[in-house]
Amino acid sequence: MIPMVDLKQQYLDLKEEIDNGLLAGLEETKFILGPNVRAFEEECAEYLGVAHTVGVASGTEALHLALIAAGIEEGDEVITTAFTFIATAEAIRYVGATPVFVDIDPHTFNMDLKQTEEAITERTRAILPVHIFGQPVDMTTVLSLAERHDLRVIEDCAQSFGAHIGGTQTGSFGLAGCYSFFPSKNLGGYGDGGLVSTNSAGLAEHLRALRNHGSWKQYHHSEIGFNSRLDELQAIILRVKLKRIDNYNENRRRVAHRYSAALAEIPGITPPHEDGIGHHVYHQYTLLAENRDTIQQALRDQGIASAIYYPIPLHNQEVFVDACRGLPLPVSERISQQCLSLPIFPELKDSQVDRIIDVIGKVVNG
Ligand SMILES: *Cc1c(COP(=O)(O)O)cnc(C)c1O
């Protein structure tokens, strides 16, 4: 059996450090916004090359609170991609704004920036690019668009921790970067968690209040906030893994490049495309194949997991279809029919990758 991700193997490799850290945290009993959350925020700011980070309860909450702090509200439009996880668009709706979905580039699966410009109206307040599957969006173009039209940029970095463009980390280009520490993400905790990065001291201060009941000073509340803090025990685990994130991402790239070298030779399979703009950290390894379902069945028969990210683009989801009626986004629709994500995680062995390639080669070549 080869799973999509093997969290157990990574835990066993880190067991002593994590177990000792958690036991010390239990003894310390500073469970809410304790010393490890603070230390993790500092270590993340350093790693990401930003002035501030604010730990929150999840990636979804990172997006939600960042949109509030950016002043996005009812009546505003936020342009984003149709080819992403629902949370990206949910957060836009939480603040009463309207997600405006654009199509994607057929090679990188990232939002089409020409269509993004065409989608700008007088109600547009922000662009929300998603660095999908770990490949950075062309942020130079996004920033110049945003500047010309006076728009905020909030980056969804849930899949791109450690991805960068020429050494500048995703999440440090826009007003805010939003990260998820869902267990299967490149930097994953053992439960939910998230983080917002920003270079704005004012935004960071606002986010610290928003995550903690709108309290700028204890028991003083100037606005309605949330209970949306990063958990101290998660911070202990995340600190252990943050030290190793570059190594984890390099191993994801090793797996991806091994897949791609072999799969490029198999007719009918299009391996994922690196556009060379940024450093791809392969949260997912997603290929295209017209006979995708046959390949998935063959893998399943051999005890190999695979997944379809994403089977339904957001403009066609039941919850959004009425608002988006008539919107054709043909690239997203085609990709959702042809995409197949293969197992990828830092500990995946070359021999396992070769076995997966072998099964795919056999089903395609008959
Ligand atoms: C995982 C994910 C989120 C949400 O993160 P959670 O921590 O699960 O709330 C948001 N956007 C994208 C693109 C994601 O992959």
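Need one number: % antiparallel among DSSP beta bridges in region 147-250, to the nearest 5.
Numbers: 9 of 12 bridges.
Around 75 percent antiparallel, to the nearest 5.
Calculated FRET efficiency, residue 293 and residue 227, Cβ-Cβ r, R0 51 Å, to nearest 0.05? Calculated value: 0.75. In this entry, region 66-196 is assigned a mean projected area of 7.4 nm², taken as a quarter of its C-alpha convex hull surface. Using every Cα-Cα pair within region 318-364, state what percent have a distance larger than 15 Å. Across region 318-364, Cα pairs with separations above 15 Å total 66 percent.
Between the C-alpha center of region 280-307 and that of region 188-242 there is a gap of 36 Å.
Would you mind ranking 356, 224, 127, 2 so that the residue whose beta carbon has the fewest other beta carbons within 10 Å leads the list?
224, 2, 356, 127
Of all DSSP-defined beta bridges confined to the chain, some 60% are antiparallel rather than parallel. Long hydrophobic helices in the chain: none of the complete DSSP H runs spans 18 Å or more by Cα along its own axis with mean Kyte-Doolittle hydropathy of at least 1.6.
If only the Cβ of Lys and Arg carry +1 and only the Cβ of Asp and Glu carry -1, the dipole of region 195-291 around its Cα centre is close to 500 debye.
Need one number: the % of Cα-Cα pairs in region 245-365 sitting beyond the 19 Å mark. Tail of the P(r) past 19 Å holds 51 percent of the pairs. The alpha-carbon of residue 241 sits under 16 angstrom from the alpha-carbons of these lysines, leaving out residues fewer than 8 places away in its chain: 8, 15, 185.
If every alpha-carbon in region 122-172 counts as one equal scatterer, what log10 I(q)/I(0) does Debye give at q = 0.12, 0.20, 0.22, 0.32 1/Å? Values returned for q = 0.12, 0.20, 0.22, 0.32 Å⁻¹ are -0.25, -0.65, -0.76, -1.25.
Per DSSP H run of at least 4 residues, take -39500 (n - 2.57); add these up for the chain, divide by its residues and hand me the 222 nm value, nearest 500 deg cm²/dmol. Could the numbers behind the result be given before it?
Details: 13 runs with 152 residues, N = 366.
Mean residue ellipticity at 222 nm (helix-derived): -13000 deg cm²/dmol.
Counting only Cα atoms, the chain measures 69, 55, 37 Å along its principal axes, largest extent leading. Cβ crowding within 10 Å ranks 111, 139, 1 as 1, 139, 111, fewest other Cβ atoms first.
FYI, it's all coordinate maths here, none of it is from the lab. These figures come from a predicted structure and were not determined experimentally. In this analysis, Cβ positions are derived from the backbone assuming ideal geometry, glycine residues included, and neighbour counts consider all displayed protein chains.
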